[in-house]
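The values are calculated or read from the model by the stated rules, or taken from the named source; none is laboratory data. Predicted model only: the values in this text are computed from it and were never measured. Heads up, the Cβs are rebuilt from the backbone with ideal geometry, glycines too, and the neighbour counts pull from every protein chain shown.
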Amino acid sequence: MATMEFKTAETRIAAGEVLAELGGVYPNLVVLGGDLNKSTQVTKFADLYPDRFFDFGPAEQNIVSVAAGLASSGKIPIVSTFAVFGSSRPYDQIRVGVSQSNLNVKIIVTHAGLLTGEDGVSAQSIEDIAIMNALPNFNVLVPSDSVETKSAIKSAIATDGPFYIRLSRPATPILHEKESFALGKGGLIKEGADATIIACGIMVSEAIVAAENLASRGINCRIINMSTIKPIDASIIIESARKTGAIVTAEEHYIQGGLGSAVGLILGNNIPTPTENVALTQYAESGPPSELLKKYKLSSSAIEDSVEKVVSRKTKKAVS
Amino acid sequence: MRRNILKMIHEVQSGHPGGSLSSVEILASLYFSILKHDPNNPRWENRDKFILSKAHACPVLYVALAQSGYFAESELLTFRKMNSRLQGHAHTKTPGVEMSGGSLGQGLSFGVGSAIAAQLNKNDSITYVLLGDGECDEGQIWEAAMSASHYKLDNLVAIVDRNGIQNDRFTHEAMEIEPFEDKWKAFGWDVSAIDGHSFNEIIPALNRANSIKGSPSVIIAKTVKGKGVSFMENNPGFHGKAPNKEELRQAMEELFSD
């Protein structure tokens, strides 16, 4: 087993820092909070630009529709809250008020997925990528680390249109040295010939560990960091299928409607390829994040199992 | 305006006549007297904004926009048809429509955003939001009401079309909202109650609302659903039902004799 040591940092802290920085660049940037402003780190923006920060209490339907009104008036509103409160809770307001009129609202959520841990299933957003993917006009981003978070937010604010940006609570591995996010482009982490792991968010670091371990067993993996889930980078998916003939997707999300579904759509329409999906298949429970990831099979070892399985399917097909 | 509303709903045999007819005088007062707007430049930065939160009543809005010159009156008959800019519920693809709606309860919050933007921009634009009384069953209305007074949005004016009927039946049967004035007062709003069909009451009430400082204002406009057509008046059956040929003929006769 490889024991890789990553430096870590919180993506939410990176978000708080970059919003404070961008407040000085964009005079029309306005941040809307919902009584979670210390947790989401937007207090940094609020301290610097109190006249452009508005707290609405935990009233997320109101916050999203207020954001729509601000965007319609030329502001760039940031909706800042936890993932469950910025997606499913105000979904109708997002659908009718933001998506259907393609307004320039940026929903930046923290505390996504299983990593929110001890708070339990109500707080663990495992459906948010699916429901946000289902909205025409929306861009859906899941940065893999704190460095990419900063460049993803910069890109979202520089691009007109609605965005959903999904971040975590705890410190997560730092994978990037420099800010290199490109909207709609998958990032090649490493080359490999036997299978491609397409991962997003915290599962990218798990993929790197898995690939290390698999290499010692003679399986060489290509790794793609799919930090833009929508619009998805079809060309890098097709290229990966062509080069490696086997795909494993990995996401900290329910198996339906997330990264795996988006990748599967591209593969099925273009280049049918043996595929395995590392994702949740049920609700989890309260517990420490690292133990939850292990129990619910979102770890590097789950990725390794899926890669071995998909490679064996590829071989069988070749033999027959 | 009423004749245009009924003709467009009859033409496509769908739409919401009752709540359009009840708010005719309110929209006429706004579009032809109160609003600072430019039909030739619908996105003019300093315009006052009118938000139709009860977006099913879009026929009255489309008629007000057409008669203001945002688009030709002939376009009204494309309402709800394929390739039309006049959607079944108000949508921003229509010139002059500020908000896409169709799911009740969202317009007052949108108005809060619009009013905050005007304050940040230090312009004197006023945001008017028309709510239905049945719509006030939606909890989000009260989230928005609380935040508007918290942020002292005195450039925000809500008007409630208090026609007493919602989709299924009378509002007091579906969900009692009284004491309605007291609720708004408790949420920190300046409240006035008027006859929503009297220009002599609507226009002074709007002017008064604009002069109030330090708090948002709401005008509760008592109206008659289906106003102007005898068999539609106060009849829950015509919330979302188009008149047939004979009904249209009779309605036109009544409206011409006014």
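Out of A:GLU308, A:GLU285, A:GLU252, one residue alone is modelled with pLDDT of 95 or more, assigned to a loop (DSSP other than H, G, I, E, B) and not hydrophobic (A, V, I, L, M, F, W, C). It is A:GLU285.
Please note which strands (runs of 3 or more DSSP E) are completely contained in segment B:144-238 and include at least 2 residues that are among the acidic types (Asp, Glu). Give the steps one after another, and end with the answer.
Numbers: elements: B:156-162, B:190-195, B:217-222.
Because the criterion is at least 2 residues that are among the acidic types (Asp, Glu), the strands (runs of 3 or more DSSP E) in segment B:144-238 that meet it are B:190-195.
For segment A:34-47, state whether one or more residues are within 14 Å of chain B (Cβ to nearest Cβ), more than 25 Å from A:PRO136 (Cβ to Cβ) and not aromatic (Phe, Trp, Tyr). For segment A:34-47, residues within 14 Å of chain B (Cβ to nearest Cβ), more than 25 Å from A:PRO136 (Cβ to Cβ) and not aromatic (Phe, Trp, Tyr): present.
Give me the residue from segment B:127-143 that is among the small types (Gly, Ala, Ser) and assigned to a helix (DSSP H, G or I) and, out of that set, farthest from the other protein chains (Cβ to nearest Cβ).
Applying the first criterion (among the small types (Gly, Ala, Ser)) to segment B:127-143 yields B:132, B:134, B:139.
If we keep only those that are assigned to a helix (DSSP H, G or I) as well, we get B:134, B:139.
On the way: B:GLY134: 17, B:GLY139: 8 Å.
Among them, the one singled out is B:GLY134.
The set of residues in segment A:239-260 that are surrounded by fewer than 24 Cβ atoms within 10 Å (Cβ to Cβ) and hydrophobic (A, V, I, L, M, F, W, C) comprises A:ALA241, A:ILE255.
Considering only residues in segment A:58-76 that are more than 7 Å from chain B (Cβ to nearest Cβ) and crowded, with 24+ Cβ neighbours inside 10 Å, the one that is nearest to B:ALA118 (Cα to Cα) turns out to be A:ALA71.
Scanning segment B:102-117 for residues that are more than 7 Å from chain A (Cβ to nearest Cβ) and among the small types (Gly, Ala, Ser), which turns out farthest from B:TRP44 (Cα to Cα)?
So, considering only residues that are more than 7 Å from chain A (Cβ to nearest Cβ) and among the small types (Gly, Ala, Ser), the one farthest from B:TRP44 (Cα to Cα) is B:GLY105.
Would you mention how many residues in segment A:26-57 are assigned to a loop (DSSP other than H, G, I, E, B) and within 23 Å of B:GLY101 (Cα to Cα)? Steps first, please.
Here is the first cut: in segment A:26-57, the ones assigned to a loop (DSSP other than H, G, I, E, B) are A:26-28, A:34-42, A:49, A:56-57.
In the following step, the residues that additionally are within 23 Å of B:GLY101 (Cα to Cα) were identified as A:56.
Final tally of qualifying residues: 1.
Kindly indicate whether A:SER301 is among the small types (Gly, Ala, Ser), farther than 27 Å from A:GLU148 by Cα and in contact with a helix residue (DSSP H, G or I) (Cβ under 8 Å, 6 or more places away or on another chain). Against the criterion (among the small types (Gly, Ala, Ser), farther than 27 Å from A:GLU148 by Cα and in contact with a helix residue (DSSP H, G or I) (Cβ under 8 Å, 6 or more places away or on another chain)), A:SER301 does not qualify.
Scanning segment B:225-242 for residues that are modelled with pLDDT of 95 or more, buried (at least 20 other Cβ atoms within 10 Å of the Cβ) and under 18 Å from the mean Cα position of the chain (by Cα) yields B:LYS225, B:GLY226, B:LYS227, B:GLY228. Beta carbons closer than 6 Å, at least 6 apart along the sequence or on distinct chains, pair a first residue in segment A:273-299 that is over 28 Å from A:ALA234 (Cα atoms) with a second that is at pLDDT 95 or above and among the aromatic types (Phe, Trp, Tyr) for A:ALA284/A:TYR296.
When segment B:67-84 is limited to residues that are in contact (Cβ under 8 Å) with a residue 24 or more places away in the chain and not hydrophobic (A, V, I, L, M, F, W, C), the one that is nearest to B:LEU35 (Cα to Cα) turns out to be B:SER68.
Restricting to segment A:205-232, what's the tally of residues that are in contact with a helix residue (DSSP H, G or I) (Cβ under 9 Å, 6 or more places away or on another chain) and within 22 Å of A:ALA112 (Cβ to Cβ)?
Initially, segment A:205-232 is screened for residues in contact with a helix residue (DSSP H, G or I) (Cβ under 9 Å, 6 or more places away or on another chain), giving A:205-214, A:217, A:219-230, A:232.
From what is left, the residues that are within 22 Å of A:ALA112 (Cβ to Cβ) are A:205-210, A:223-230, A:232.
Here the count works out to 15.
Which is among the small types (Gly, Ala, Ser) and either assigned to a loop (DSSP other than H, G, I, E, B) or within 21 Å of A:ILE108 (Cβ to Cβ) (or both), of A:GLY264, A:GLY192? Steps first, answer last, please.
On the way: A:GLY264 fails: either assigned to a loop (DSSP other than H, G, I, E, B) or within 21 Å of A:ILE108 (Cβ to Cβ) (or both).
Criteria check complete, one pass: A:GLY192.
Residue check: is A:ALA152 touching a residue at least 24 places away in the same chain (Cβ under 8 Å), under 14 Å from A:LYS106 (Cα atoms), in a helix (DSSP H, G or I) and not assigned by TED's automatic domain parsing to the domain that holds A:ILE224? Please lay out each step first, then the result.
Working: touching a residue at least 24 places away in the same chain (Cβ under 8 Å): yes; under 14 Å from A:LYS106 (Cα atoms): yes; in a helix (DSSP H, G or I): yes; not assigned by TED's automatic domain parsing to the domain that holds A:ILE224: yes.
Answer is yes for this residue.
Scan segment B:76-93 for residues that are more than 8 Å from chain A (Cβ to nearest Cβ), farther than 12 Å from B:SER53 by Cβ and surrounded by fewer than 23 Cβ atoms within 10 Å (Cβ to Cβ) and the total you get is 12.
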